[in-house]
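Asks: Quick one: the structure is below, questions incoming.
The values are calculated or read from the model by the stated rules, or taken from the named source; none is laboratory data. Quick caveat: nothing in here was measured; it's all calculated off a predicted structure. Cβ sites come from the backbone with ideal geometry, for glycine too, and all protein chains shown count toward neighbours.
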Amino acid sequence: MSLSEKTRKVTEEFIASQPDNVQTVIVDAFKDLMESDYGQQALSSGDKARDFTLPNASGEHTTLNQLLEQGPVVLSFYRGGWCPFCNLEFKALHDILPEIKQHGAQLVGVSPETPDNTMATAERHALQFEVLSDVGNRVAKDWGILMEVHPELRSYYLQWGFNLPELNGDDSFELPIPATYIIDAEGIISTAYINKDYTQRMEPEAILQALQSL
């Protein structure tokens, strides 16, 4: 089963588990999202990746340029460890991590969670790759992939246990559009996957194909 098939199954099951009135809110909010201009200014293939400095789960700061000195980078912007679609993506990325390394690349995740919550996510999912904390979504905004949770959904997020103000350290309800960037050692984005449909992620096979073409 492909990653998209797995996320589609989770989406369908989750929506079906909700009362009819909540299903209506979810569907309407999703329609508004897909009609929005989120992501139109996102960095894309051929662009120079913009450098950033972010702390990892241990609070140690690193820059993208430092990472690129070691070779290509697969940069994955994710919503947080609370997100079921991100969890499926984590598993899929873990499965291909040895092959990513065989291509001389490293995998790096970025989310708006605070360092403490990033650490909790890394430990809970036994992540074997670097995860960085973009508190305030500064980098997501700079890269053009910032979005907001629909106002009608925010109270439901809290009911579902997705306490973004607590996890991210602010009350903005802002999140990155899930995005995967394959960046060559010169800092040029060779492949970019940006999708407002946050239930969809770049397929692992496509990531490996992009690395193969570098």
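Asks: Limited to segment 35-57, what total is found for residues that are surrounded by 15 or more Cβ atoms within 10 Å (Cβ to Cβ) and either touching a Ser or Thr at 6+ places or on another chain (Cβ under 9 Å) or of a type in the set (A, V, I, L, M, F, W, C) (or both)?
Replies: Residues meeting the conditions: 8.
Asks: MET147 - would you say it is out of contact with any Lys or Arg (no Cβ under 8 Å at 6 or more places or on another chain), among the hydrophobic types (A, V, I, L, M, F, W, C) and closer than 22 Å to ARG8 by Cα?
Replies: Criteria not met by MET147.
Asks: Further, regarding this structure: Regarding segment 168-187, can at least one residue be identified that is hydrophobic (A, V, I, L, M, F, W, C), more than 26 Å from LYS101 (Cα to Cα) and in contact with a Gly (Cβ under 9 Å, 6 or more places away or on another chain)?
Replies: yes
Asks: In segment 126-141, which residues are surrounded by fewer than 21 Cβ atoms within 10 Å (Cβ to Cβ) and under 15 Å from the mean Cα position of the chain (by Cα)?
Replies: LEU127, PHE129, GLU130, VAL135, GLY136, ARG138, LYS141
Asks: So, one more: If you check every pair at least six apart or on different chains, which have Cβ atoms under 9 Å apart with a residue in segment 24-36 that is part of a loop (DSSP other than H, G, I, E, B) first and a residue that is buried (at least 17 other Cβ atoms within 10 Å of the Cβ) second?
Replies: If the second residue must be buried (at least 17 other Cβ atoms within 10 Å of the Cβ), the pairs left are SER36/MET147; SER36/LYS196.
Asks: Can you go through ILE189, ILE182 and tell me which one is buried (at least 17 other Cβ atoms within 10 Å of the Cβ), part of a strand (DSSP E or B), in contact with a helix residue (DSSP H, G or I) (Cβ under 8 Å, 6 or more places away or on another chain) and of a type in the set (A, V, I, L, M)?
Replies: ILE182
Asks: Also, I was wondering about something else. Among the residues that make up segment 195-213, is at least one of them modelled with pLDDT of 95 or more, closer than 15 Å to PHE77 by Cα, out of contact with any Pro (no Cβ under 6 Å at 6 or more places or on another chain) and part of a strand (DSSP E or B)?
Replies: no
Asks: Among the listed residues SER155, SER172, which satisfies the condition of being farther than 19 Å from ARG8 by Cβ and in a loop (DSSP other than H, G, I, E, B)?
Replies: The unique qualifying residue is SER172.
Asks: Would you mention how many residues in segment 105-120 are touching a residue at least 60 places away in the same chain (Cβ under 8 Å) and out of contact with any Pro (no Cβ under 9 Å at 6 or more places or on another chain)?
Replies: The number of residues fulfilling the criteria is 1.
Asks: Given the criteria within 25 Å of GLY136 (Cα to Cα) and in contact with a helix residue (DSSP H, G or I) (Cβ under 7 Å, 6 or more places away or on another chain), does ASN87 qualify?
Replies: No, not satisfied.
Asks: State whether one or more residues within segment 58-68 are buried (at least 17 other Cβ atoms within 10 Å of the Cβ), assigned to a strand (DSSP E or B) and either of a type outside the set (Lys, Arg) or free of Cβ contacts under 8 Å to residues at least 24 places away in the same chain (or both).
Replies: No: segment 58-68 contains no residue that is buried (at least 17 other Cβ atoms within 10 Å of the Cβ), assigned to a strand (DSSP E or B) and either of a type outside the set (Lys, Arg) or free of Cβ contacts under 8 Å to residues at least 24 places away in the same chain (or both).
Asks: Name the residues in segment 134-167 that are closer than 27 Å to GLN40 by Cβ and of a type in the set (Asp, Glu), would you?
Replies: Once the filter is applied, which keeps residues that are closer than 27 Å to GLN40 by Cβ and of a type in the set (Asp, Glu), segment 134-167 yields ASP134, ASP142, GLU148, GLU152.
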